[in-house]
Structures are given as structure tokens and as C-alpha cells.
1. Quickly run through segment 142-161 and pick out the residues that are under 15 Å from R122 (Cα atoms) and touching a residue at least 60 places away in the same chain (Cβ under 8 Å).
2. Among the listed residues A196, A230, identify the single one that is more than 15 Å from T156 (Cβ to Cβ) and within 10 Å of the ligand (Cβ to nearest atom).
3. Is it the case that D128 is over 18 Å from the mean Cα position of the chain (by Cα) and surrounded by fewer than 23 Cβ atoms within 10 Å (Cβ to Cβ)?
4. Read through the list (1) at negative phi; (2) within 16 Å of the ligand (Cβ to nearest atom); (3) of a type in the set (G, A, S), then give the number of the only condition that A261 fails.
5. Being touching a residue at least 60 places away in the same chain (Cβ under 8 Å) and within 21 Å of M319 (Cβ to Cβ) is the filter here; which residues of segment 205-229 pass it?
6. In segment 203-216, is there at least one residue being closer than 19 Å to A34 by Cβ, out of contact with any His (no Cβ under 7 Å at 6 or more places or on another chain) and more than 13 Å from the ligand (Cβ to nearest atom)?
7. Within the group A104, A129, which residue is closer than 27 Å to S157 by Cβ, modelled with pLDDT of 95 or more and either within 16 Å of the ligand (Cβ to nearest atom) or among the charged types (D, E, K, R) (or both)?
8. Of the residues in segment 113-125, how many are away from the ligand (no atom under 11 Å from the Cβ) and in contact with a Pro (Cβ under 8 Å, 6 or more places away or on another chain)?
Amino acid sequence: MSSVSAASIPFARPRFGPVLVPVPDIVGKHATLAMIGFGTGHAGHLHVPLQADRDRLEVWPARGPVLRGDDGGIAWASDDALLFGAIEVEEAAAGGIEAATAEAYARLLPHLQRRGYPHLLRIWNYLDAITDGDGDAERYRRFCVGRVRGLGGVDTSALPAATAIGRCDGVRTLLVYWLAAREPGIPLENPRQTAAWRYPRQYGPQSPSFARAMLPPPGLGLPLLLSGTAAIVGHASLHPGSLAGQLDETLANLQAVIDAARRHRPALSPTFGAGTQLKVYVRDLEAMDEVATLLDARLPAEVQCLLLHGHVCRRELQMEIEGVHA
Ligand code: 3EB
């Protein structure tokens, strides 16, 4: 792909869905709402600090003129339909992962209100050493507690799609970024899975606050936004130790969410295809090649996959997949 001009975006892709491009192809060429770098870092845009199987920029095209600013440490951009934003909070300065998370979310919400995009559609969270700590002291569990504290409670009928993944570089800085809209989307659940906000007590004192997917409000040209999805059925992790087993279960979960979304929006493709773009988080760096081979055998060639080295928030889960689907 030589650029992200509208003509180069595959037909099946919604016009304003994200595209993954090699880095030199995009910089400076196109009006963008947001650019997120994966793999090697580059100046001038947000960088997700995970190793990748190739360097890619995720580009969210803008619908028109873009306003950009900094709102007290929140870097933001809006195109009058969507607001993109990012915040980083150092754990040491905040007083730990729970406090850092509470701070990030407590600052984010009023920012969305101020800018006039109160509806969070999709949010990404990256934190170091996500499964360190035992029992309720585990860092992911503290993150879940801090998130609800920062949000000031949870409206389970309006949760965004989300990802929460462990960075593996030892940097104790929480990175959160998001997409918000003026109008609400439709949060979706997965009939194969217990809603995350209903996970039982055994997984922590505060159940995770996210929906399995978000159907964006119509008219924005956005695809279905799929949350981080793993080999969880009901609330149990399945296929410990089996990459192939976990991958098949994860793909079945994603398919079930797509099926659920199609009941609201039948124009969505029934199967993974040219309109599907996935980010595959793999716990063990050494397993990346095997996961790539397994993906090749299961997905049509038109599905774009970016493999990232990241830790899933349950130790037994070796992978997690998120993405978009048109
Ligand atoms: C799961 O299904 C896997 O806490 O925001 C996936 C996506 C997961 C988002 C979050 C957690 C989160 O429970 C973990």
C-alpha cells in the first residue's frame, strides 16, 4: 500500500476505519485524526511500547479539518465527529498502579465533557507487569479497582469496548488512549461469555469494566470495534498450554460477537475478510512465529494481522485478539 488516500483503502473497508501501513508511506501525506505507532517508535505520534512482528502505523483518517490540543496532559485531536485522546500517568508519581489508573480515568471523563464528546466508544490500556502480585494485590486487579474509582462508578449499560494489556519493558507508566463520540454507540456482549462486569468474585474485588464490542453510532464510517478477546467461555479460561486451542476459542468468540453485531447492522460482513483487521497480543515472544503460522491457516489472506508481544491479564492466557470488522 503506497499511501492511505481514499482510493487505496480496500473497498470493503469503511472509509473512516483504521488502516495499518508501513511507517514511511504515511507520514505527512494525509489528514489524520490519529496515528498510533507499533513496533519501533517514531517521533510525532503516539507509540504503543510493545514489540511487533513489523513496524506499523495505525492511521485513523479524519473526516474533515482536525483540531488538536493539550488539555492538562491529555493530548487530543477531533474532527467534529470523533475525539481521540491519550494520557500517560507515571505510577510512582501517582502512588501505584491503582492510583495511576484512578487518576487517568478521573481526568479523562471531564475532558470528554469539556470537548463535547461524552460517549467513550473504545479505550486501550497498557500497563507493565500486569499479572504481578498475588490474589487481590495483583496489578490487573488493582487496575480494575482504580478504573472504577476514577470513573466514579460504572454504568454497565454504557461501557466502551476495551483492551488492557501488559507491556513487557519494565516501564511503570500507564498508557491509556481512546476514541469518543458526540452520540452513543451500541455496546455489545458475547453470548458465549459472561459479561466481564459480571465476572464472579474469584477474579478480583472489582469486575472489569468493558463491553465485548462497540457498534459505533451510524454515519461515522466506522467499523465494529472488537474488544480484547481471549479463550474465555463463560468466565473460565480454556485450553491452558495450547496455542492452537486458545486461538480457535478466541476466533470463535470474535465470530460470536460479529454475529451479535450483525443482528443490529446486517451490512457487516458475516465472516472475517478484507474488512477485518486484528491485533494479536502474544504472551511469549518465542511463540510469535507459531501464532503467525496458526493464524495463516485459519484466516483468509485479506485479514490484516499485526502481532504484538504483550501480556494478557490472566497468567494462563497466552494470547488475546482485538480488532475492527466492517
Ligand atoms: C477478558 O475477556 C480478557 O479490563 O479492559 C480484555 C479486554 C480483557 C479488556 C479490560 C480485559 C479488558 O476478560 C481480558
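The values are calculated or read from the model by the stated rules, or taken from the named source; none is laboratory data. Remember, predicted model here, so these are calculated numbers, not experimental data. Heads up, the Cβs are rebuilt from the backbone with ideal geometry, glycines too, and the neighbour counts pull from every protein chain shown.
1. R147, A161
2. A230
3. The answer is no for D128.
4. All conditions pass for A261, except number (2).
5. Answer for segment 205-229, where residues must be touching a residue at least 60 places away in the same chain (Cβ under 8 Å) and within 21 Å of M319 (Cβ to Cβ): P208, F210, L224, L225, L226, S227, G228, T229.
6. yes
7. Only one candidate qualifies: A104.
8. Matching residues across segment 113-125 total 3.
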